[in-house]
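What follows is a set of notes on a single structure, which appears directly below.
The values are calculated or read from the model by the stated rules, or taken from the named source; none is laboratory data. Remember, it's a predicted structure, so these values are computed and weren't measured experimentally. In this analysis, Cβ positions are derived from the backbone assuming ideal geometry, glycine residues included, and neighbour counts consider all displayed protein chains. To get the accessible areas, we keep the full protein, side chains included, count just its heavy atoms, and leave off ligands, DNA and RNA. Shrake-Rupley method; radii C 1.70, N 1.55, O 1.52, S 1.80 Å.
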Amino acid sequence: WQVCLPDLPQEFPPLKTLNPERHNLPLPATPFVGREEELAACTALLLQPANRLLTLVGAGGVGKSRTALQVAELCANDFPDGVCWVELEEARSGEALLQRLAYRLQLHLQPQPSIQQQLGDYLRPRQLLLALDNTEQIPDAAGALHPSCRPRRTSNGW
């Protein structure tokens, strides 16, 4: 609805909001306050073409997820294919991570090739920010995402 009176403007610029088709970021329950230096540093790192991974680490409850969400929101317009937020608190394996990622990307998986191959084929041509929340309980998370990150067995063990 719009109030139309002679002394009021009739034309307005578009609303400054994130395009909902370009992200699935959850709506935060509270406003983000502080951590300007950390936000600036994370944003700067993510926007450097050479950087393909940014990991936030710290003790439970210090605000890693909330900071990551804020960074993703700040960077959303810098990634032409948008942002995909993937909550992994229930995943316990690399396979579960890949399944959850495919679900959030709305991929219709086929029996062949592998889910890892299908995700790679989908993501390779895109400039998309993937925000993976709660990977700490997935021992093979890195290897599931990229084969070169799998631990290698040596004669002395790992």
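Data table
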quantity	calculated
Gained length - Asp78 relative to Tyr122, 0.36 nm times residue gap less alpha-carbon distance	13.9 nm
Solvent-accessible area, 1.4 Å probe, carbon plus sulfur percent, for the chain	56
List His23, His146, ordered by accessible area with a 1.4 Å probe, largest first	His146, His23
Computed over segment 5-110: relative contact order in percent, which uses C-alpha pairs under 8 Å that are six or more apart	30
Among Gln48, Leu88, Phe32 the positive-end extreme of the charge dipole of segment 3-118 (Cβ point charges)	Leu88
Net charge contributed by nearby residues that have their C-beta within less than 13 Å of Val86 (K/R +1, D/E -1)	-2
The chain, dipole about Cα centre (Lys/Arg Cβ +1, Asp/Glu Cβ -1), debye to the nearest 20	680
For His23, distant residues with modelled amide H under 5 Å away	Val83
Cut-off under 5 Å, modelled amide H: who pairs with Ala131 long-range	Cys84, Trp85, Val86
Pairwise centroid distance, computed over Cα atoms, of segment 111-147 with segment 47-71, Å	17
Probe 1.4 Å, accessible area per residue of the chain, Å²	73
Computed [θ] at 222 nm, deg cm²/dmol, the chain (DSSP H ≥ 4; -39,500 (n - 2.57); rounded to nearest 500)	-9000 deg cm²/dmol
Sorted peptide list for 38-51, 76-89, criterion being average Cβ within 10 angstrom, highest first	76-89, 38-51
Efficiency of FRET between Phe32 and Leu53 - r from beta-carbon atoms, R0 25 angstrom, step 0.05	0.65
Packing-based ranking, highest mean first, of 25-34, 101-110 given that Cβ atoms within 10 Å are counted	101-110, 25-34
Identified option (computed mean projected area of the Cα convex hull in nm²; candidates (1) 9.0; (2) 10.3; (3) 14.5)	(3)
